[in-house]
Each structure stands twice: as structure tokens, then as C-alpha cells.
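Only one structure is covered here, and it is reproduced in the block below.
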Amino acid sequence: MDDFAKKLGKNIKMMRVFKDQSQAELSFKSGLDQSYLSRVEKGTVNVTVIKLCAIAKALECELTELLPEIDKTSAL
């Protein structure tokens, strides 16, 4: 799960940079604390679905665009 959180955080950061937003802007738009967003991007916290939806909405992207690919063979 740790690896998933890190990949998710990396995807969120890449989308944020692509959308030319600072963490402060994303924090304001999503209603989430900037220090929390920093931990999400570093993959050190497991983000809830509700907060992930807020991030996707603030980034004006689909939730699925933020989710990392899952290797189904290693998950079994």
C-alpha cells in the first residue's frame, strides 16, 4: 500500500504542476490544508476518497487520471 500512496502522490503532483498550480493554490481550491497536501504528494499519508475527489475537482481533472496503474498479477 505504501507504494500505491507514493505513486498516487506523484501523479497528483505531476497534475498540479501540469495545471500550473502551486500547493497553496491547490490547498485553497480543494479546501485542504497545504501541509496535508504536501504529505499526500510525498505518499506519507493515505488520502480518503472524499479528499481525493476534492483534489481532482480542484485540479479540474477526472479522479481516474490521478490513480496509478495497479499490477493485478502482483496483487493476487
**Study point:** Single condition residue 54 does not satisfy, out of (1) modelled with pLDDT of 95 or more; (2) within 14 Å of residue 13 (Cα to Cα); (3) in contact with a Leu (Cβ under 9 Å, 6 or more places away or on another chain)
**Key:** (2)
Revision key, fill the gap. The helices (runs of 4 or more DSSP H) lying wholly within the chain that contain at least 1 residues that are β-branched (Val, Ile, Thr) are 2-18, 34-42, 49-58, 72-75
Practice item. Sort out which residues of segment 15-34 are out of contact with any Ser or Thr (no Cβ under 9 Å at 6 or more places or on another chain) and loosely packed, with under 13 Cβ neighbours inside 10 Å, and write them in order of number. Key: 17, 18, 20, 22, 24, 31
Check your understanding: Is it the case that residue 40 is surrounded by fewer than 18 Cβ atoms within 10 Å (Cβ to Cβ) and either under 17 Å from residue 2 (Cα atoms) or not charged (D, E, K, R) (or both)?
Key -> no
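The values are calculated or read from the model by the stated rules, or taken from the named source; none is laboratory data. All values derive from a computational prediction rather than experimental measurement. Note that each Cβ is placed from the backbone with ideal geometry, even for glycine, and that neighbours are counted across all protein chains shown.
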